[in-house]
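Notes to accompany the following structure.
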Amino acid sequence: MEKFKTIAKITAALSVLLVLAVTFYIVLKPDFYAGQSETIIGKPLPLRETSTKQISKIEYRSYLEVNGLSGLIPLAIPIILSLFGFWALFWKAKTGKVIIWVSVILLILFSFLAMFSIGLGYIPAVIAMIIAAIFNSFFA
């Protein structure tokens, strides 16, 4: 029985590490957003469109450049939830099992709601936290 609690703690710690790795990757990656800007050089002649040049430039910006410091708030949510789920594994009472399942459900909800921007990166951490909750609830 103690072996399953140890496995749950290890997978929950892995979940915390995965969440931190994804968060740092999102914040530090320089090409989070790729936008294209076009510049027209020259004046068009009335009947000729070939007198102008159009230059396209792709700009890369980081997550913080796009969202500012307020963009760190959504990134703090999975960190807090995974740390809270890891912390709940050390409780002896039944409330620890409830808290870890609540953190799992909230992590799943966060990943689903943010699926098209940053949520997809947190799926491995969610899976690790689900495994930790299963080992803590059903086998320990």
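Details
- Long-range neighbours under 6 Å by Cβ, at least six apart or interchain, first residue under 18 Å from Trp87 (Cβ atoms) within the range 117-129, second among the β-branched types (Val, Ile, Thr) and crowded, with 16+ Cβ neighbours inside 10 Å: Ala125/Val19; Val126/Ile108; Ala128/Thr11; Met129/Val104
- Total residues in the range 63-108, condition among the hydroxyl-bearing types (Ser, Thr, Tyr) and touching a strand residue (DSSP E or B) at 6+ places or on another chain (Cβ under 9 Å): 1
No lab work stands behind these numbers, since they all come straight from the coordinates. Predicted model, so just to flag it, every value in this text is computed and none were measured. Methodologically, a virtual Cβ is constructed for each residue, glycine included, from the backbone with ideal geometry; neighbour enumeration extends over all protein chains shown.
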